[in-house]
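Since the structure comes first, as structure tokens, the remarks are kept for the end.
The values are calculated or read from the model by the stated rules, or taken from the named source; none is laboratory data. All of these numbers come straight from a predicted model, not from anything done at the bench. Quick reminder, even Gly has a Cβ in these numbers, built from the backbone with ideal geometry, and neighbours come from all protein chains shown. Just so you know, the surface numbers come from the protein's heavy atoms only, side chains and all, with ligands and any DNA or RNA stripped out. Shrake-Rupley method; radii C 1.70, N 1.55, O 1.52, S 1.80 Å.
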Amino acid sequence: MACGTPVVACKLGSVPEVIDYGITGYYHENIDLLPSLTEKAMLLDRKKIRNHAMTRFNINQMLDNYISLYYDILND
């Protein structure tokens, strides 16, 4: 995504948390549907994918999210 490449994956593990459906790529439980999702993914705006990934996964954002999570855990 950081290179503007759309992602198509099986809906397993953290995939739904990492891929923003219809923005940075697509996912589905049924592996047989992935080829049709690949065709859709090729139509996604690569500049939007890169910008979205760089905003969501930049180091400052990631640090802020981790620190917030740690404070939440400590305060529970």
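Starting from 0.36 nm per residue, how many nanometres of slack lie between residue 31 and residue 71 once their C-alpha separation is accounted for?
Taking 0.36 nm per residue and subtracting the Cα distance, the gain is 10.6 nm.
How much length, in nm to one decimal, is gained on full extension between residue 11 and residue 52, taken as 0.36 nm per residue of separation minus their Cα-Cα distance?
12.8 nm
Apply the Karplus curve 6.51 cos²θ - 1.76 cosθ + 1.60, θ = phi - 60°, to the phi angles in region 5-18 and return the couplings in whole Hz, x for Gly and Pro.
Working through the residues one at a time gives 8, x, 10, 10, 8, 6, 7, 10, x, 8, 3, x, 7, 9 Hz.
Which residues' amide hydrogens lie under 5 Å from the amide hydrogen of residue 26, considering only partners 5 or more residues apart or on another chain, with H built in the peptide plane?
When sequence neighbours closer than 5 places are left aside, the close amide H contacts are 7, 8, 9.
Just want the answer: with Cβ charges of +1 for Lys and Arg and -1 for Asp and Glu, which residue in 38, 21, 9 is farthest toward the dipole's positive end in the chain?
38
Quick one: pull the percent of accessible area on the chain belonging to carbon and sulfur, 1.4 Å probe, ligands and nucleic acids left out.
Values: 3320 of 5670 Å².
With neighbouring chains kept in place, the figure for the chain is 59 percent.
Taking θ as phi - 60°, what are the ³J(HN,Hα) couplings along region 24-35 by the Karplus curve (6.51, -1.76, 1.60), each to the nearest whole Hz, with x for Gly and Pro?
10, x, 9, 8, 7, 5, 8, 4, 5, 8, 5, x
Express the accessible area of region 1-57 per residue in Å², computed with a 1.4 Å probe while the remaining protein chains stay in the model.
Solvent-accessible surface per residue comes out at 66 Å².
When the Karplus curve 6.51 cos²θ - 1.76 cosθ + 1.60 is applied with θ = phi - 60°, which whole-Hz ³J(HN,Hα) does each residue of region 65-72 get, with x for Gly and Pro?
Result, ordered by residue: 5, 5, 4, 4, 4, 4, 5, 4 Hz.
If I histogram all Cα-Cα distances within the chain using bins 10 Å wide from 0, what percent of pairs lands in each bin?
Histogram of Cα-Cα distances, whole percents per bin: 20, 40, 26, 13, 2.
Which GluC sites (Glu not before Pro) in region 2-45 pass both tests, a DSSP loop state and at most 16 other beta-carbon atoms within 10 Å?
Here the GluC sites (Glu not before Pro) that fit, given the DSSP loop and packing criteria, are 29.
Treating the beta-carbon of each Lys and Arg as +1 and of each Asp and Glu as -1, no other charges, what is the dipole magnitude of the chain about its Cα centre, to the nearest 20 debye?
Approximately 440 debye in magnitude.
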